[in-house]
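Bear in mind these aren't lab numbers, they're just calculated from the coordinates by the rules spelled out. Keep in mind the model is a prediction, meaning the values are calculated, not measured. Here the Cβ positions follow ideal geometry from the backbone for every residue, glycine too, while neighbour counts run over all protein chains shown.
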């Protein structure tokens, strides 16, 4: 939502923090693709 509202840096930082809070075994291709999409917005 932050990235869509125009705060791309804030959106990417929030998404990265949420992803980093997950245990590595919970990472999935979908989450990695979503993170890449947020970072590119």
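Summary of values
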| quantity | calculated |
| --- | --- |
| Contour excess over end-to-end distance, with Cα ends at residue 30 and residue 7 and 0.36 nm allotted per residue | 6.0 nm |
| Rg [Å, one decimal], Dmax [Å, integer] - the chain, C-alpha atoms | 10.2, 31 |
| Helix 8-21 axis, angle to the chain major axis (alpha carbon atoms, nearest 10°) | 20 degrees |
| Helical mean residue ellipticity (222 nm; -39500 (n - 2.57) per DSSP H run of 4+; nearest 500) of the chain | -20000 deg cm²/dmol |
| Protection-proxy order for peptides 21-30, 8-17, each taking the mean of Cβ atoms within 10 Å per residue, highest first | 8-17, 21-30 |
| Degrees separating the helix 29-40 axis from the principal Cα axis of the chain, which is the longest one | 20 degrees |
